[in-house]
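What follows is one structure encoded as structure tokens, with my remarks underneath.
The values are calculated or read from the model by the stated rules, or taken from the named source; none is laboratory data. Note that the structure is predicted; figures quoted are calculated from it, not measured. Note that we place each Cβ from the backbone using ideal geometry, even for glycine, and neighbour counts take in every protein chain shown.
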Amino acid sequence: MIGHHLIADLADATQLADAAHIEACLVAAAAAAGATLLEVRLHSFGVGQGVTGVALLAESHISIHTWPEYGTACVDIFLCAAAHDLQAGLDAIVQRLDASVVRSTVMERSFQR
């Protein structure tokens with residue numbers, strides 16, 4: 001096993017067009033998961049539109065894609081060490097976006113065929 005990968009769809013989220021807020025969510029998620037943050041990159045699609053962001057981690061990444069017009073966000077957390085807490089990372093984002101989780105799943109990533 002090389003790590004765990006959590007994907008989640010969020011609903012009823014707020015502040016989805018605010019790039020600075022999305023960056024703060026990514027930073028908080030990395031800290032909550034116990035990961036080592038290397039860099040955050042964001043792209044805003046314009047005033048009132050969505051944001052795509054990724055937190056590059058020593059252990060892999062956390063990404064988010066937002067659709068303010070639908071109140072939704074898709075979150076992806078991939079961490080390559082068992083000692084990290086993916087759920088705590090997701091919880092940090094959910095809390096800051098005042099969102100609900102529509103669905104989430106965790107899969108084990110490995111080199112096995």
Scanning region 17-41 residue by residue, those assigned to a strand (DSSP E or B) and either surrounded by 15 or more Cβ atoms within 10 Å (Cβ to Cβ) or not hydrophobic (A, V, I, L, M, F, W, C) (or both) turn out to be L37, E39, V40, R41
Those residues that are assigned to a helix (DSSP H, G or I), under 23 Å from G50 (Cβ atoms) and touching a residue at least 40 places away in the same chain (Cβ under 8 Å), I need them from region 87-113; list them, please.
-> G89, L90, D91, A92, I93, V94, R96, L97
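Residue by residue, here is whether (1) touching a helix residue (DSSP H, G or I) at 6+ places or on another chain (Cβ under 9 Å); (2) farther than 20 Å from M107 by Cβ; (3) not in a loop (DSSP other than H, G, I, E, B) holds:
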| position | (1), (2), (3) |
| --- | --- |
| Q15 | yes, yes, no |
| H43 | yes, yes, yes |
| G53 | yes, yes, yes |
| I62 | yes, no, yes |
| H65 | no, no, yes |
| A82 | no, no, no |
Test: E69 is in contact (Cβ under 8 Å) with a residue 60 or more places away in the chain and not basic (K, R) = no
Under 6 Å between Cβ atoms, at least 6 apart or on separate chains: pull out the pairs that start in region 11-22 with a residue that is closer than 15 Å to V102 by Cβ and end on any residue that is of a type in the set (A, V, I, L, M, F, W, C) and surrounded by fewer than 19 Cβ atoms within 10 Å (Cβ to Cβ).
-> A11/V102
Spot the failing condition for D76; the list is (1) part of a strand (DSSP E or B); (2) of a type in the set (D, E, K, R); (3) more than 23 Å from I2 (Cα to Cα), and only one is missed.
-> (3)
Conditions (1) modelled with pLDDT of 95 or more; (2) crowded, with 16+ Cβ neighbours inside 10 Å -> E69 fails only (2)
Can you name the residue in region 86-113 that is charged (D, E, K, R) and at pLDDT 95 or above and, of all such residues, is surrounded by the most Cβ atoms within 10 Å (Cβ to Cβ)?
-> R96
